[in-house]
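The values are calculated or read from the model by the stated rules, or taken from the named source; none is laboratory data. Quantities reported herein were computed from a predicted structural model and do not represent experimental measurements. Note that we place each Cβ from the backbone using ideal geometry, even for glycine, and neighbour counts take in every protein chain shown.
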Amino acid sequence: MLRPGDALLVVDVQCDFLPGGSLAVPGGDAILAPLNATLGHFEARRLPIFASRDWHPADHCSFQVHGGTWPVHCVADGPGAAFPAGLRLPASTGIVSKGCHAERDAYSAFGETDLHRRLRALGVQRLFVAGLTTDYCVLATVLDACALGYSVVVLQDAIAAVALQPGDAERALERMRASGAEFIDSEALLR
């Protein structure tokens with residue numbers, strides 16, 4: 001199934017979004033096993049891998065203490081912003097930092113980053129997306145990727161939602177499908 005022109009994007013799998021973190025996603029750690037298997041498939045085929053991360057200044061506008069929606073999370077260079085030890089990112093992984101400006105929020109890995117330029121430079125046409133959270137950063141990233149002309153495949157067993165409101169996850173999945181994204185389980189990459 002994997003071929004030249006494919007790339008994997010791991011969205012915001014960071015310590016603060018996992019159990020014990022300041023903005024823990026329920027069941028967020030359950031995505032690590034399928035995600036690690038997927039990372040292995042891409043690495044074995046020498047296909048590009050990117051990982052986005054929230055990389056917020058301490059006074060970021062999204063924090064509740066500054067009038068935002070979220071608890072303080074993923075402060076740049078802090079332990080919560082780190083990738084977890086259980087995530088096996090290859091050394092060659094391209095890192096994309098987002099949400100770096102105090103006055104602007106950024107859910108999409110394409111928002112105010114050089115991700116699109118880097119993917120195009122590598123000839124990427126199809127983007128496999130996994131990570132956290134289904135209803136915010138994964139959703140925004142998938143919508144942007146589709147709008148930019150990528151063929152997008154979401155690894156449905158390697159995403160999880162924060163689900164602030166009932167139905168948020170389902171609505172996010174519907175929006176991604178409506179934008180043209182396909183959904184598969186990571187096991188399908190073995191075929």
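Among the numbered conditions (1) surrounded by fewer than 21 Cβ atoms within 10 Å (Cβ to Cβ); (2) at pLDDT 95 or above, the only one that SER186 does not meet is (1). Among the residues of segment 49-63, is there at least one that is small (Gly, Ala, Ser), assigned to a loop (DSSP other than H, G, I, E, B) and under 23 Å from GLU187 (Cα atoms)? No, because not a single residue in segment 49-63 is small (Gly, Ala, Ser), assigned to a loop (DSSP other than H, G, I, E, B) and under 23 Å from GLU187 (Cα atoms).
Looking across segment 43-75, the residues that are among the aromatic types (Phe, Trp, Tyr) and free of Cβ contacts under 8 Å to residues at least 60 places away in the same chain come down to TRP55, PHE63, TRP70. A count restricted to segment 37-47 and to residues that are buried (at least 20 other Cβ atoms within 10 Å of the Cβ), in contact with a helix residue (DSSP H, G or I) (Cβ under 8 Å, 6 or more places away or on another chain) and either over 25 Å from ARG117 (Cα atoms) or not β-branched (Val, Ile, Thr) (or both) stands at 0.
Among the residues of segment 145-179, the ones that are in contact with an Asp or Glu (Cβ under 8 Å, 6 or more places away or on another chain) and over 25 Å from ARG117 (Cα atoms) come to 10 in all. In this structure, is PRO34 surrounded by 19 or more Cβ atoms within 10 Å (Cβ to Cβ) and either among the aromatic types (Phe, Trp, Tyr) or touching an Asp or Glu at 6+ places or on another chain (Cβ under 8 Å) (or both)? Yes; evaluated as a whole, the condition is true for this residue.
Given the options GLY20, GLY40, name the one that is in a loop (DSSP other than H, G, I, E, B) and not hydroxyl-bearing (Ser, Thr, Tyr).
Details: GLY40 fails: in a loop (DSSP other than H, G, I, E, B).
Result: GLY20 is the single residue among GLY20, GLY40 that is in a loop (DSSP other than H, G, I, E, B) and not hydroxyl-bearing (Ser, Thr, Tyr).
Helices (runs of 4 or more DSSP H) fully within segment 104-187 that include at least 2 residues being free of Cβ contacts under 8 Å to residues at least 12 places away in the same chain: 115-121, 168-178. Checked against the criteria, SER22 counts as without any contact (Cβ under 8 Å) to a residue 60 or more places away in the chain, surrounded by fewer than 22 Cβ atoms within 10 Å (Cβ to Cβ) and under 18 Å from CYS137 (Cβ atoms). Consider segment 76-85 and keep the residues that are in contact (Cβ under 8 Å) with a residue 40 or more places away in the chain and surrounded by 13 or more Cβ atoms within 10 Å (Cβ to Cβ). The one that is farthest from the chain's Cα centre (by Cα) is GLY80.
Conditions tested, residue by residue: (1) touching a Pro at 6+ places or on another chain (Cβ under 9 Å); (2) buried (at least 23 other Cβ atoms within 10 Å of the Cβ).
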| site | (1), (2) |
| --- | --- |
| GLY94 | yes, no |
| ARG104 | no, no |
| GLY111 | no, no |
| ASP114 | no, no |
| ALA121 | no, no |
| GLY131 | no, yes |
| VAL138 | no, yes |
| LEU143 | no, no |
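Return yes or no: is ALA7 small (Gly, Ala, Ser), in contact with a helix residue (DSSP H, G or I) (Cβ under 9 Å, 6 or more places away or on another chain) and in a helix (DSSP H, G or I)? Spelling it out, it is not the case that ALA7 is small (Gly, Ala, Ser), in contact with a helix residue (DSSP H, G or I) (Cβ under 9 Å, 6 or more places away or on another chain) and in a helix (DSSP H, G or I).
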